[in-house]
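The values are calculated or read from the model by the stated rules, or taken from the named source; none is laboratory data. Predicted model, so just to flag it, every value in this text is computed and none were measured. Here the Cβ is made from the backbone with ideal geometry for all residues, glycine too, and neighbour counts use every protein chain on show. Ligands, DNA and RNA are excluded from the accessible area calculation, which covers all protein heavy atoms including side chains. Shrake-Rupley method; radii C 1.70, N 1.55, O 1.52, S 1.80 Å.
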Amino acid sequence: MAGLPDMPHFLPCCPAMDDHLVIESVAVVVDDGVAPFELGVACELFGLDRSDQGLPVYGFDLAAVTPGQVATTAGFAISVAQDLTPLGGADLVVLPAGSWTESEPGPDLRAALHAAHDRGAHIMAICRGAFVLAATGLLDGRRASTHWRWSEQFRRLFPRVHLDADALYVDDGDISTSAGTAAGIDLGLHLLRRAHGAATAADIARRMVVAPHRGGGQAQYPRRPMAASTHTDTLHATLAWALERLATALTVDELAAHANLAPRTFARRFHETCGTTPHRWLDAQRVDRARQLLETTDLPVAAIAPRCGFGSTDALRANFARRLGTTPTQYRRSFHVGAP
């Protein structure tokens, strides 16, 4: 399935950036019908020994609902000796997607997940793994994400969960959920940023040969197909043009003129494609540019604000507080590449 270029529109879906996450041990839950790609995401993020690069190494276990030969959706099986016992001590519990997530969790799994959550473990669900969490009640009253294809079914089954069908992932502090498989990579890297900082997460992303950061509020895909591919091509060219001019006071009229569209037509097509308004998209891009400068330079906040198109440091601080739940100074303290 062809996606769109990176077009993040950050939402207040993540905990404060100084909310440190401790990860020393990881347990990944599997059962017959586990999806090998989603399982592989968890293994690649948390199960490899990268100590030769000075990167963290975790205790890593597969925990089977039913130990023994576990069938995958790809027609082969894996051998898993452990039952659900590793959930009792893991700092991070991962629920990959697969046909096994289409049924109600049994009492043993339900109890193990509640116990892990009660003692403070972080629970991460990839794609339809969110269905398991929702069925246990652990997502009641919380925001969550899942693959767009299953969003209506999710809403019907779990009306108490606040589903964000557009988000790549949602981190609700001690529980996080992602959209499709690639979004599971994004969420895992986000959790690594919380645990170890931006530099370590970037090194792991580089090892995996993936983008080091896509925000959770980035739209998954267009809400409905565009009438012709030339419309999206034109819009993407305008977005690239805008990204080169974030320091200037761009208006919707100027963006529309670049796309050779009437402002109202441009705004409508923009929302169809990006899932947000041009103004919010610009603000999100400016925050993301500020994040990059805070992580990789020693420029003072007063110098970063105009480089990102914010009229004042107060405007930059207000956007950081609204979108990230922190201040530029606190963010730099946590994620500057030179920070301890």
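Using a Gaussian network model of the chain with C-alpha springs under 10 Å, which one of Asp61, Asp186, Asp253 is most mobile by mean-square fluctuation?
Maximum fluctuation in the GNM of the chain, among the listed residues, is at Asp253.
For the full complex of protein chains and a 1.4 angstrom probe, list Arg50, Arg155 by accessible area with the highest value first.
Arg155, Arg50
In terms of modelled amide H atoms, which long-range or inter-chain residues lie less than 5 Å from the amide H of Ile175?
Answer set, sorted by chain and number: Ile123.
How much length is gained on full extension from Leu48 to Thr85, taking 0.36 nm per residue of separation minus their Cα-Cα distance? List each step's numbers first, then the result.
Working: separation 37, 0.36 × 37 = 13.32 nm, distance 2.11 nm.
That works out to 11.2 nm of additional length.
Return a whole-number percent for the relative contact order of the chain, with Cα pairs under 8 Å and 6 or more residues apart as the contact set.
Details: 632 pairs, mean separation 62.8, N = 340.
This gives 18 percent for the chain.
On the full set of protein chains, 1.4 Å probe, figure out the accessible area of Glu102 and give it in Å² to the nearest 10.
120
Provide the FRET efficiency to the nearest 0.05 for the Leu55-Thr251 pair, computing r from the beta carbons and using R0 = 45 Å.
Efficiency, from the Cβ-Cβ distance: 0.50.
Given the protein chains as shown and a 1.4 Å probe, how many square angstrom of His271 are accessible, to the nearest 10?
70
If you rank Leu261, Leu168 by how much accessible surface each has, with a 1.4 Å probe, what is the order from largest down? Don't skip to the answer; put the middle values down first.
Working: Leu261 50, Leu168 10 Å².
Largest accessible area first, the residues go Leu261, Leu168.
Only Cα pairs within less than 10 Å get springs; with that Gaussian network setup on the chain, which residue of Pro67, Pro328, Pro278 has the largest fluctuation?
Checking each option, the largest mean-square fluctuation is seen for Pro67.
Would you pull out the residues with amide H under 5 Å of Leu48's amide H, same chain only if 5 or more places away, H placed 1.01 Å from N?
Those lying under 5 Å, H to H, from Leu48: there are none.
Would you give the gap between the C-alpha center of the range 32-72 and the C-alpha center of the range 111-179, rounded to a whole Å?
So the separation of the two Cα centres works out to 20 Å.
Between Gly75, Ser151, Thr101, whose Cα lies farthest towards the positive end of the dipole of the range 43-178 when Lys and Arg beta carbons carry +1 and Asp and Glu beta carbons carry -1, centred on the Cα centre?
Farthest towards the positive end: Ser151.
So with the 1.4 Å probe, I'd like the accessible area per residue for the range 146-188, rounded to whole Å². Working shown, then result.
Numbers: 1740 Å² over 43 residues.
Averaged over the residues of the range 146-188, the accessible area is 41 Å².
Restricting to Cα pairs below 8 Å that are 6+ residues apart, what does the relative contact order work out to for the range 48-124? Please round to a whole percent.
25
For the range 102-221, give me the percentage of DSSP beta bridges that are antiparallel, rounded to the nearest 5 percent.
So the antiparallel bridges amount to about 45 percent of the total.
Tell me, what is the 1.4 Å probe accessible area of Thr313, in Å² to the nearest 10?
Rounded to the nearest 10, that gives 40 Å².
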